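As structure tokens, the structure follows; a few thoughts come after it.
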Amino acid sequence: KAQVTLDELLKKNPKSFFGNYYLGKVSLAQNKLKAAEGFFKKALEANPAAEVVGLDLARTYAANKKPEEARKLLEAIVERNPSSVKARQLL
């Protein structure tokens with residue numbers, strides 16, 4: 001049900017931060033890594049400062065065997081927020 005609702009939201013507003021972020025979460029839960037990556041990237045385009053999205057994208061990169069992309073993203077998060085415990089743990 002969540003996916004259908006979020007799909008409808010994105011039809012009305014393709015750049016919706018929440019629509020893209022939560023569809024990324026749903027895709028990740030379904031192990032659809034490529035789709036999750038795309039949704040998280042769109043959410044970050046809408047709100048580049050959303051650390052939680054960056055962390056989820058980094059986890060998705062790692063699960064999708066893209067450790068270099070995950071590392072670069074996590075380093076950028078730590079640079080913006082040196083006290084980010086989650087980003088440091090994931091690094």
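Here is the tail figure for the range 35-84: Cα pairs spaced more than 15 Å apart come to 38 percent of all pairs. Computed from point charges on the beta carbon alone (+1 for Lys and Arg, -1 for Asp and Glu), the dipole magnitude for the chain about its Cα centre is near 200 Debye.
The fraction of accessible area contributed by carbon and sulfur in the range 48-91 is 56 percent, rounded to a whole number (1.4 Å probe; ligands and nucleic acids excluded).
For the range 1-70, the square roots of the Cα gyration tensor eigenvalues, ordered a ≥ b ≥ c, give a/c of at least 1.5 with a/b no greater than b/c, which places it in the oblate category. Sorted largest first by accessible area at a 1.4 angstrom probe radius, with every protein chain in place, the residues T60, T5 fall in the order T5, T60. Of the residues K72, K42, K25, the one that moves most in a GNM of the chain with alpha-carbon contacts below 10 Å is K72. In this label model, K12 and E51 are separated by 3.2 nm, measuring between points 7 Å along each Cα→Cβ vector. Based on protein heavy atoms only, the chain ends up with 63 Å² per residue of surface accessible to a 1.4 Å probe. Hydrophobic, long helices, defined as DSSP H runs whose alpha-carbon span along the helix axis is 15 Å or greater and whose mean Kyte-Doolittle value is at least 0.0, occur in the chain at 17-29, 33-46, 51-63.
The values are calculated or read from the model by the stated rules, or taken from the named source; none is laboratory data. In this text, all values refer to a predicted model and were calculated from it rather than measured experimentally. A quick note on method: Cβ atoms are made from the backbone with ideal geometry, for glycine too, and the neighbour counts reach across all protein chains shown. Ligands, DNA and RNA are stripped out before the accessible areas are found, and what is left, the full protein with its side chains, is counted by its heavy atoms. Shrake-Rupley method; radii C 1.70, N 1.55, O 1.52, S 1.80 Å.
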